[in-house]
Every structure is written in C-alpha cells, then in structure tokens.
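The next block holds one structure in the form of structure tokens; read it before the comments.
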Amino acid sequence: MFLTTPTSYLTAAQFQAMPLDYDLSTYTTPQIQDLLNRASGKVDSILRRSLLAKERVIRELGSGTNRLELKASPVIYIKKVQIVVPGSTGPLIPIDQILIDYTSGSLLEYTPFYFNGQGYFSRFPDGIPIDVTVATGYGYVYSSPTYTLVDTNGSNGLAPGSYNIAISTKTMWGETNPVVKQVSTTTGNMIATINPTLGGYLYRAYISSAANNTALTGASVIGATTFDVGSVGTIKVGDTLLFDAGANAEYLTVASVNPGILTTTSPALYAHAIGAAVIEQPVLCAESPFTAYGANALQLIITSINAPPGVWQDALSLSDTSAAPVPYAIIEATRILALSMIYEQNNLANRGVYMMRTNRKEVSWKSTEGTSGKGTPLMEVQAAEMLKPYKLQAIF
C-alpha cells in the first residue's frame, strides 16, 4: 500500500473554523477529531460505502474494446494493470500508455500487446479478468516531484546566470505548490530529470530571473503597502513579485520603487517576517507530455523564460489544488452529524425538536431554537438527504 487512509471527511481544524453556536473550548483537538471520525463513520453507513481515499485491487472483465470501467471514482492513481492467468503470472498492460478519466474511473488503452496466442491487442481482451491496483476516494495529498537539474549544451537558451525554478505535479483536479529553488546556469540550457509521483498527470516547470532576489529587512503587517528590502536591483513599476513562501506567500505588484523601499498597488494579505524572500514571479516555461506515472524518470528541457508554444503562461500557484475536493454535501453532512453528537453528549434538552409521524413523536437536536414552533428536521435526516446523490444504489 502507498497511501494512509484518512480517518474523516472533515479535519478538526476545518470544523473549528466553521461558524458554530456552541462553545468548543471544553473539547481538545483530539476529542474533536474523534467526534469527526465517528461522524464520518455515520456518513459511510448512510452511503453504504466509504469515499475516503484508499488503495485496493479491483477485478473487472475485459470488454473486448480499449475501454475498461472501474466503477469507482474519483481515481487518485493507478499502480498496475495485469491480466489474470491462473497458475502463472499474467502479462502487464503498460500503465504509461493508459489514459485515465479520473472523474468517472474509465481507462483507455493505446499500446498493442501480445496475449495468449491471440495476436496483438490494443484493447482489454473480452471476458478476461483484469486486476487493477488503484487508489480512489477523497483526502489524498499529492506531492511535487523530486528532480535534479544539470546544464547542457544547446542553442537559443536562457542568458547565463541565476534563476528561480519550481516544478509542480499537475493532476486532473489541479496542481501542487512546489518549493522554489535558486539555480545557476553557465550554458543557458538546463535539463530537469523528474522522478514521477503517483497520481501525476504531467509536470510543469516555472522560472524567473534571480538577479533581483532580495529579502525584507523589516517585518510587515497585514494590510501593508510599503516594504523595506535589502536591495531593489532593476525592479521596476508594474513588476509582480512573490513575497515570502509557504502559507504566507502572496503576489504583489510594484507601484513605486525607492532605494531600499518597495510600494505595492494593493495591501498585503499576510504578515511577513524579517528575512522573508522577495523574488520575481515565477511563470510557466516547460511542460511534460501526458504521463501515467510510471516509475521511469522523465526529462524537461528548460531553455526559455517563455511558455511552450500553444500553452498559456500561468504563474506559479501559491496554493495546493491537486486533490479532488470533498463535495460540500459530504462536508456538511459530517459537520451536522458531529454537532448532533455534541448536543447529545451535553444533554441540550432545550434544543429538542419534534416531528409527528402517525402520532409518533421523534426527538433530536437542532442548532437554534427558531421562531416557527415547528422545529427543524432531524439532523440525521438532513444528513441523509444531502448524501443521496453519493449513496451506493444496490439492485436486487
């Protein structure tokens, strides 16, 4: 197994950040996480399945076409596709030649291979069992790739010097937020050898000149528009700069330049400490072919500060959008079920509501008293209604 299955659809930090009418200060973070784990268990019982990320082997029968339906989604990654042959090791279908629909869990196979004396196939053999080692679900954290950079000979390259480089993993959902490194080139041509990550769809390189790299010489506060820096180099009005790294990273555009001082057109969203890096905005300069995350390293050639032909020159993303987002309905259902347990634990009888069904009184909890006198639906009923589109429908 590669991934660790998450324990809940909602983290304690997310839950605590939500508007609530109940004081959670008496609960520790582990206690809140335990509540959310149990609420997620209730969600799974309503769904009749778990949609938390997990790795498993799915066995499907070949369709006789180049398409195979896994009947599981969203797909995170695929490790292996193998034909099942009793008594021997079945042939592998090359995963680097399989196009994956991550949303539906559909596979398209392109490379011909020889199977069992039947000749060459560009399809999944009809009626033959095929094992797919796959990870599906929500809550998986993708990673940016590891890579090495070396100078190489070539023409039409970059000007020799120092550059800021970052290489991200692109998924069908979004993109990772990689660390920016400063590198130097004497030839103006660099080759990045990338070690693929599970779930990566392609890889993107971002670059900016490091000639004007500087750092804050004074701390700044949220809302600041003036920043003290070590040097301004050739920074000019209109340049977009990347301030800081990690959770506090943000882009700001230069409004004016004075010795040791930069003024921006908009206020900072975050506070920045002394020493925080200030660099030119890294932009897309190279993109790999589509890949199916095999183990073989691949290479990106970096010879320009411009985007590849036909590709929009994106700026480096400052947030990680690579994972399939948990549907809001599942998040809200988990929140409601966790609150219902909190209310019950604390015997909040004044929050009891009722529903009349054939003269039967049902008691549950609600978050506010309301003024209608008719109460609100049972919390578990609300959760079940939200989860209907994701519920496993069995046919007997």
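The values are calculated or read from the model by the stated rules, or taken from the named source; none is laboratory data. If you're wondering where the values come from, they're calculated on a predicted model, not measured in any experiment. Methodologically, a virtual Cβ is constructed for each residue, glycine included, from the backbone with ideal geometry; neighbour enumeration extends over all protein chains shown.
For the stretch 306-328, which residues satisfy the criterion of being surrounded by fewer than 16 Cβ atoms within 10 Å (Cβ to Cβ) and within 30 Å of Val381 (Cα to Cα)?
Pro325, Tyr328
Consider Leu284 carefully, then state whether it is part of a strand (DSSP E or B), over 30 Å from Glu385 (Cβ atoms) and of a type outside the set (Lys, Arg). Spell out the reasoning first.
Working: part of a strand (DSSP E or B): yes; over 30 Å from Glu385 (Cβ atoms): yes; of a type outside the set (Lys, Arg): yes.
Against the criterion (part of a strand (DSSP E or B), over 30 Å from Glu385 (Cβ atoms) and of a type outside the set (Lys, Arg)), Leu284 qualifies.
Enumerate the pairs (first residue in the stretch 1-22 and within 28 Å of Thr133 (Cα to Cα); second residue anywhere and surrounded by 12 or more Cβ atoms within 10 Å (Cβ to Cβ) and polar (S, T, N, Q)) with beta-carbon separation below 6 Å, excluding pairs fewer than 6 apart on the same chain, so at least 6 apart or on different chains.
Within 6 Å, the pairs are Thr7/Asn37; Ser8/Asn37; Ser8/Ser40; Tyr9/Ser40; Tyr9/Thr334; Leu10/Thr334.
Touching a residue at least 12 places away in the same chain (Cβ under 8 Å), surrounded by fewer than 19 Cβ atoms within 10 Å (Cβ to Cβ) and in a loop (DSSP other than H, G, I, E, B), is that true of Gly154?
Values: touching a residue at least 12 places away in the same chain (Cβ under 8 Å): yes; surrounded by fewer than 19 Cβ atoms within 10 Å (Cβ to Cβ): yes; in a loop (DSSP other than H, G, I, E, B): yes.
Here the answer is yes, as Gly154 does meet what is asked.
Residue under question is Val81, and the condition is that it be surrounded by 14 or more Cβ atoms within 10 Å (Cβ to Cβ), touching a helix residue (DSSP H, G or I) at 6+ places or on another chain (Cβ under 7 Å) and in contact (Cβ under 8 Å) with a residue 40 or more places away in the chain; does it hold? Break it down into steps so the answer makes sense when it comes.
On the way: surrounded by 14 or more Cβ atoms within 10 Å (Cβ to Cβ): yes; touching a helix residue (DSSP H, G or I) at 6+ places or on another chain (Cβ under 7 Å): yes; in contact (Cβ under 8 Å) with a residue 40 or more places away in the chain: yes.
Taking the combined requirement at face value, the residue satisfies it.
Based on what the data block shows, is Leu300 under 26 Å from the mean Cα position of the chain (by Cα) and either modelled with pLDDT of 75 or more or of a type in the set (Asp, Glu) (or both)? It would help to see each step written out before you state the result.
Values: under 26 Å from the mean Cα position of the chain (by Cα): yes; either modelled with pLDDT of 75 or more or of a type in the set (Asp, Glu) (or both): yes.
Answer is yes for this residue.
Just the residues that are of a type outside the set (Ser, Thr, Tyr), over 22 Å from the mean Cα position of the chain (by Cα) and either surrounded by 15 or more Cβ atoms within 10 Å (Cβ to Cβ) or part of a loop (DSSP other than H, G, I, E, B) (or both), please, taken from the stretch 243-265.
Looking only at the stretch 243-265, we keep the residues that are of a type outside the set (Ser, Thr, Tyr), and these are 243-250, 252, 254-255, 257-262.
This time we only want the ones that are over 22 Å from the mean Cα position of the chain (by Cα), so: 243, 252, 254-255, 257-262.
Once the filter is applied, which keeps residues that are of a type outside the set (Ser, Thr, Tyr), over 22 Å from the mean Cα position of the chain (by Cα) and either surrounded by 15 or more Cβ atoms within 10 Å (Cβ to Cβ) or part of a loop (DSSP other than H, G, I, E, B) (or both), the stretch 243-265 yields Phe243, Leu252, Val254, Val257, Pro259, Gly260, Leu262.
Checking Ile165 against (1) modelled with pLDDT of 90 or more; (2) out of contact with any Lys or Arg (no Cβ under 6 Å at 6 or more places or on another chain), only one condition comes out false. Which one?
Tallying (1) modelled with pLDDT of 90 or more; (2) out of contact with any Lys or Arg (no Cβ under 6 Å at 6 or more places or on another chain), Ile165 fails exactly one: (2).
Sort out which residues of the stretch 26-63 are farther than 21 Å from Ala324 by Cα, of a type in the set (Lys, Arg) and in contact with a strand residue (DSSP E or B) (Cβ under 9 Å, 6 or more places away or on another chain), and write them in order of number.
Within the stretch 26-63, just Arg59 meets the criteria.
Hydrophobic (A, V, I, L, M, F, W, C) and in contact (Cβ under 8 Å) with a residue 60 or more places away in the chain, is that true of Ala273? Outline the logic, then answer.
On the way: hydrophobic (A, V, I, L, M, F, W, C): yes; in contact (Cβ under 8 Å) with a residue 60 or more places away in the chain: no.
The answer is no for Ala273.
Please go through the stretch 173-203 and pick out each residue that is within 14 Å of Ser304 (Cβ to Cβ) and assigned to a strand (DSSP E or B). Write out each step before concluding.
Taking the stretch 173-203 and keeping what is within 14 Å of Ser304 (Cβ to Cβ), we get 185, 187-192.
Thr185, Met190, Ile191, Ala192, listed by residue number.
Looking at Gly119, Gly188 in this structure, which one is out of contact with any strand residue (DSSP E or B) (no Cβ under 9 Å at 6 or more places or on another chain) and either modelled with pLDDT under 90 or surrounded by fewer than 16 Cβ atoms within 10 Å (Cβ to Cβ) (or both)? Reasoning before the result, please.
Numbers: Gly188 fails: out of contact with any strand residue (DSSP E or B) (no Cβ under 9 Å at 6 or more places or on another chain).
Matching residue, one of Gly119, Gly188: Gly119.
When you look at Tyr251, is it among the aromatic types (Phe, Trp, Tyr) and at pLDDT below 95, yes or no?
Details: among the aromatic types (Phe, Trp, Tyr): yes; at pLDDT below 95: no.
Judged against the criteria, Tyr251 is not a match.
Tyr147 - would you say it is at pLDDT 90 or above and either of a type in the set (Val, Ile, Thr) or closer than 22 Å to Gly200 by Cβ (or both)? Spell out the reasoning first.
Values: at pLDDT 90 or above: yes; either of a type in the set (Val, Ile, Thr) or closer than 22 Å to Gly200 by Cβ (or both): yes.
Answer is yes for this residue.
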